[in-house]
Amino acid sequence: MSPQTIATSPDPLISPEVVAFAREQAVEKYLPELVAWAKQVYPSATRFEVFTEDDPEIANDRHIVFELDVPLSVDQALEADRRWHEGCLRIEPYPVSCVFRKSVNLP
């Protein structure tokens with residue numbers, strides 16, 4: 001019997017800019033748990049980045065973005081997205097959740 005390999009997504013680097021913005025928005029304590037949750041929901045991610053981004057349509061609206069490349073089918077991606085949102089509701093209360101965004105690219 002051969003050993004089974006379990007895919008784990010890479011750990012994202014959290015820049016000082018992201019940490020400073022999270023602290024400014026009083027959401028810094030949620031970052032580690034959200035990163036861990038993203039890795040659990042998307043274990044096959046080949047890329048995982050966390051950065052800040054200004055909303056191009058709304059002035060002075062900035063977010064922390066979790067961006068992942070994940071080789072999933074559309075059905076798998078929809079199920080993962082459902083899991084992601086359920087977990088986020090347990091981790092971060094509304095309106096804190098408005099600070100965070102997730103973007104998943106399906107190669």
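Please treat every number below as a calculation from the coordinates, not as lab data. Quick caveat, the model's predicted, so the values are computed rather than measured. Note that we place each Cβ from the backbone using ideal geometry, even for glycine, and neighbour counts take in every protein chain shown.
Computed from point charges on the beta carbon alone (+1 for Lys and Arg, -1 for Asp and Glu), the dipole magnitude for the chain about its Cα centre is near 400 Debye.
Loop-resident GluC sites (Glu not before Pro) (DSSP state other than H, G, I, E or B) in the range 36-107 with no more than 15 further Cβ atoms inside 10 Å of their Cβ: E57. Each of L68, V35, V99 was scored by the projection of its Cα onto the charge dipole of the chain, and the greatest displacement toward the positive side belongs to V35; charges sit on the C-beta of Lys, Arg, Asp and Glu. Counted by neighbouring Cβ atoms within 10 Å, the residues F51, F66, F100 run from fewest to most as F51, F100, F66. Rg and Dmax, both from the Cα atoms of the chain and both in Å, are 14.6, 58.
Each Cα pair under 8 Å and six or more residues apart adds its separation to the average, and for the range 1-103 the resulting relative contact order is 29 percent.
Return the percentage of antiparallel bridges among DSSP beta bridges fully within the chain, rounded to the nearest 5 %. Counting only bridges with both partners in the chain, antiparallel ones make up about 55 percent.
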